[in-house]
Structure formats: structure tokens, C-alpha cells
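For reference, the structure is listed below as C-alpha cells.
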Amino acid sequence: MGTEEGGARSGEVIAAWIRRQLARHDWTAADLSRRLGVGSGRISEWISGKRVPNPESCLKLAEAFGADPDEVLALAGHRLPTRPLRPDDPKARIIALVKRVPMSPQQAAGLEAMLRAWLEAGPNGAPHPNGAPNGS
């Protein structure tokens with residue numbers, strides 16, 4: 001049982017990532033199988049690193065786990081990473097969610113205003129003197 005596209009190293013990387021995501025979501029392999037509509041044997045092969053999910057399955061994994069599809073495809077070896085892989089970075093999870101959410105211009109402006117306010121507040125949450133962002 002060799003790997004599909006991506007090779008042995010990609011199989012180990014994506015396998016470890018899937019195991020972490022299952023633990024983070026408190027799901028079993030059977031839960032993931034049902035959510036993806038993929039056989040439990042295939043999930044087992046992914047988790048063990050024996051097989052690499054194909055690109056379509058990577059997109060399903062990204063959707064199920066709320067991850068950035070590009071990062072999942074890169075972890076599986078189907079795409080070159082655009083930056084060093086940090087699959088568990090909370091910012092990457094937030095960016096993946098923002099990419100998936102349909103937003104009106106008003107919602108986008110509200111989210112942007114909230115993020116800018118956080119930048120201005122500084123690391124401890126206190127407003128920066130004169131409203132200037134940190135480091136200015």
C-alpha cells in the first residue's frame with residue numbers, strides 16, 4: 001500500500017496534521033469518515049501515513065476542520081507552500097475562516113475596524129497613547 005501523490009514524507013506530515021485535528025475537534029476517525037463521506041479504511045490509511053489524501057479529499061479535510069485549503073494541499077504535497085508551513089497557527093485558522101465567510105461590504109468594514117482597534121490597543125489591550133499603533 002504505497003502513497004498516492006505526494007510521497008512518503010508528505011504522508012507523514014499530513015497524517016500527523018489529521019491526528020492533531022481529530023484530537024482538537026474531539027472526533028474519532030469514524031466521525032471524520034461520516035463527515036467526509038469517505039470510507040473508514042481510507043481515513044485509517046491517511047492517519048497511519050500509508051496514503052496521502054488526493055486533492056479533492058484535501059479540500060474536504062480543509063472544509064471539515066476549518067483549515068486553509070492551500071495549506072492542507074501543501075501539507076499533502078500537492079502544492080508548494082507559499083510560506084513555511086505552520087498548520088496549527090491560530091492566525092492560519094482565522095484566515096481560513098475569513099476566506100470561507102461570505103461578507104457584505106459593511107461586515108468586512110466592521111471586521112477590519114475591529115482588527116485595527118486591536119492593533120492600536122497594543123499587546124496588553126490598553127489603548128496606545130494618542131491612538132497611535134504600536135511601534136509608531
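The values are calculated or read from the model by the stated rules, or taken from the named source; none is laboratory data. These numbers were taken from a predicted model, which means no experiment stands behind them. Backbone-built Cβ (ideal geometry, glycine too); neighbour counts: all protein chains shown.
Could you check, for the stretch 22-44, whether at least one of its residues is within 18 Å of Ala74 (Cα to Cα) and of a type in the set (A, V, I, L, M, F, W, C)?
no
Within the stretch 45-57, the set of residues being closer than 17 Å to Val72 by Cβ and out of contact with any Lys or Arg (no Cβ under 9 Å at 6 or more places or on another chain) comprises Trp46, Gly49, Val52, Asn54, Glu56.
Could you tell me whether the stretch 55-78 includes any residue that is crowded, with 19+ Cβ neighbours inside 10 Å, without any contact (Cβ under 8 Å) to a residue 40 or more places away in the chain and touching a Ser or Thr at 6+ places or on another chain (Cβ under 6 Å)? Within the stretch 55-78, not a single residue is crowded, with 19+ Cβ neighbours inside 10 Å, without any contact (Cβ under 8 Å) to a residue 40 or more places away in the chain and touching a Ser or Thr at 6+ places or on another chain (Cβ under 6 Å). Only residues that are part of a helix (DSSP H, G or I) and aromatic (Phe, Trp, Tyr): list them for the stretch 24-38, please. Scanning the stretch 24-38 gives no hits. Looking only at residues of the stretch 46-90 that are assigned to a helix (DSSP H, G or I), among the acidic types (Asp, Glu) and within 22 Å of Asp26 (Cβ to Cβ), we find that the one that is modelled with the lowest pLDDT is Glu71.
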